[in-house]
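To start, the structure under review is shown below, and the notes come after it.
The values are calculated or read from the model by the stated rules, or taken from the named source; none is laboratory data. Please read these numbers as outputs of a predicted model, since none were measured by experiment. Every residue, glycine among them, receives a Cβ derived from its backbone with ideal geometry; neighbour counts consider all protein chains shown. Calculation scope for accessible area: heavy atoms of the full protein, side chains included, ligands and nucleic acids excluded. Shrake-Rupley method; radii C 1.70, N 1.55, O 1.52, S 1.80 Å.
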Amino acid sequence: MARDILLAGVILAGFLGLEFTGLGSSGLLDFAIRFAIFGLLAMSLNLLIGTTGLVSFGHAAYFGMGAYSFGLLMQSGGWSIPAAIAVAILATALLALVVGALCVRLSEIYFAFLTLAFQMLLHSLILSWIGLTGGDQGLMGGIPKPAFWGIELAKPAHLAGFGMFCLLLSVVLLRQIIRSPFGAALRMLRDNPDRAGFLGLSVYRYRLAAFVIAGAFAGLSGVLMSLYVSGAFPTFAFWTTSGEAIFMIMLGGIQVFLGPLVGTAIFLLLNDWITALTEHHGLFMGTILLIITLGLRKGLLDFVMEWRAARRRAAP
Amino acid sequence: MELTELAECVTSLSCLVTQSAAGLTIGMLLFLVASGLTLIFGVLGLVNFAHGSFYMMGAYFALAAYGVTESFAVAVLAGIVGAALLGLVFERFLLSRIYGQDVLMQLLVCYGIILILDDAVKIIWGADFRSMGVPDSLRHPPFIIAGGVVPYFYAILFAITAVIAAVLAFGMGRTRFGRIVRAAAINPGMVGALGINTTLVYASVFAIGAGLAGAAGALSAPIRSVVAGAGVSILIESFIVTVIGGMGSIGGALAASLILGFTRSFGSIGFPLFVEGAMFIIMALVLILRPSGLGGRRGS
């Protein structure tokens, strides 16, 4: 235990150090937008992994779907941003419904790699349907951002504010979902699906519902991403994006509600820092990931919470 | 969609022979990767998401050995041995720590390994596409069977993969080691109680699995481009094979690999843009109609 605490302390000190080195800092607004995008992606994925116990390795499919459908709608002209966002989220939820209907009844292992496989199908579809998506060049030509309700998303400050608003709204909604009887049922499915089935819950329907909800929130984060980069690229739907989302969750912790947000912040800082220092990005990220996974065996916040709980128990 | 061309091809014997030969070769290469994946899962209970990386490393090792020795045999051997040794190192130091843990742990550790290997390859061999090209010693005129063209190198590939598959089947089915491995898959505690070193069994099974992936990578280095990250697409196809064939079933993996090989070779004539989609449709059908796969036991 003492060794684990030391390790956690060293890692935390490292992260705190990062913040003050100023390396790779690309502006607070920029960071806020990216934090909103990836924080939302990580929070939505944790509804599956942390709450429902479904380890999806294909979550970026819905991220990409949201980005592409929003981008295409806006480029077709005649759509206001709120309407396009709503339709993009609906389209993403529909995709999640189709994939989920096939995947959620499977065992844990099949589920992980079938979600991954369907994501790669979407990725190869984006690459080969050049007429619609622009292939590996991505959705070029920029995305028009007409002002609505006095919000001009072409301005970075407005976009950051809008992103933060979306993140906050989604976090509140997700919290309501998790705190509701529906959320309690999801946690029960995670802990003991057989017992949930005996009590008369339809394991399939609850899992599918969670999968679609998580997909819809990922779609919203994809929309924000396409607003941020003014386009959409095949890497959004590539498996590395899913891997990064899982990495963020792992960094923060899966059992604490806001853990994924902490993880996102750490991941983004780490990412900027490593990118500024070296081009061997994967080598360092991979090593850090292995140290945390094999060393702590849980996310940082999970670790802190358990440590505090253990200390409270030890106190007389 | 050029379905009329597909119909013409299926009715003409020469085209049938050509495409079948290609399908067999592609299928057998896929089988090598997928059998390693299913073997590791069957015995170790570990989904090796990093399996494609061993395929990629096999190709790079072969490329390096071929550059030095100009011998295809040495290159393939280097691919197999290199990937197996690398697998051994990763199994001992990383993966053996997460046996019996949940899928999330396995996924994260494998993701870390993929990141590191992809970057290591870029550092050592550069980020460009590389290709070995068919070795001069194996450049012979193609076989003509019933008017169909079968490239000489494809025939060689098929022969080598068939030999490896036969050795694998014999080794797992008929030898003492194979019986131990099969027993360890069912009840490792009992195997250990009988005085057999299960740690060694696990390590060697992982090395064999990685070696099989490395073999496929080395063998396909002359006909496919070698690049960092090349393992992912073959990993996805191996997953599809495991779903169609049934998890842990070597026979099912063979049948499924050949089905996908033929889908790829004939699909490239009939529906070139939809080959991957067709594979997924086959997989979805198997999932709906027979969720345990072609070779899997029901209820597993």
Alpha-carbon spread of the range A:28-236, three principal axes, descending order, Å
53, 36, 29
Computed magnitude of the charge dipole of chain A (debye, nearest 20; Cβ of K, R +1, Cβ of D, E -1)
1000 debye
Taking beta carbons within 10 Å but only from partner chains, what does the mean come to for residues A:103-114?
5
How many angstrom separate the Cα center of the range B:206-225 from the Cα center of the range A:103-151?
30 Å
Compute the FRET efficiency between B:ALA73 and B:SER131 as 1/(1 + (r/R0)^6), taking r as their Cβ-Cβ distance and R0 = 25 Å, and round to the nearest 0.05.
0.85
Using 0.36 nm per residue, how much length does the chain from B:ARG182 to B:LEU273 gain when fully extended, once their Cα-Cα distance is taken away?
28.7 nm
To the nearest 20 Debye, how big is the dipole of the protein assembly as shown about its Cα centre, given +1 on the beta carbon of each Lys and Arg and -1 on that of each Asp and Glu?
1900 debye
Total accessible surface hidden between B and A, rounded to 100 Å², 1.4 Å probe:
3500 Å²
Summing +1 per Lys or Arg and -1 per Asp or Glu among the other residues with Cβ less than 10 Å from B:ALA59's Cβ gives +2
With all pairs of different alpha carbon atoms counted, what Kirkwood hydrodynamic radius in Å does the range B:1-139 show?
17.6 Å
Given R₀ = 30 Å, FRET efficiency for A:ALA314-A:ARG175 by Cβ-Cβ distance, to 0.05?
0.45
Which residues' amide hydrogens lie under 5 Å from the amide hydrogen of A:ALA232, considering only partners 5 or more residues apart or on another chain, with H built in the peptide plane?
A:LEU139
Would you mind counting up the charge near A:LEU251? Only other residues with Cβ under 12 Å from its Cβ, with Lys and Arg at +1 and Asp and Glu at -1.
-1
Suppose R0 equals 41 Å. What FRET efficiency, 1/(1 + (r/R0)^6) with r the Cβ-Cβ distance, do A:ARG205 and A:ALA147 give to the nearest 0.05?
0.50
Which log10 I(q)/I(0) values, to two decimals, does chain B give at q = 0.11, 0.15, 0.16 Å⁻¹ under the Debye formula with one point per Cα?
-0.67, -1.22, -1.36
Once phi is turned into ³J(HN,Hα) by the Karplus curve 6.51 cos²θ - 1.76 cosθ + 1.60 with θ = phi - 60°, what whole-Hz value does each residue of the range B:68-80 show in order, with x for glycine and proline?
8, 9, 6, 10, 5, 4, 4, 4, 5, 4, 4, x, 5
Spatial separation of Cα centroids for the range B:39-115 and the range A:214-254, in angstrom:
28 Å
When the helices in chain B are scored as -39500 (n - 2.57) per DSSP H run of 4 or longer and the sum is shared across all residues, what 222 nm value do you end up with, to the nearest 500 deg cm²/dmol?
-25000 deg cm²/dmol
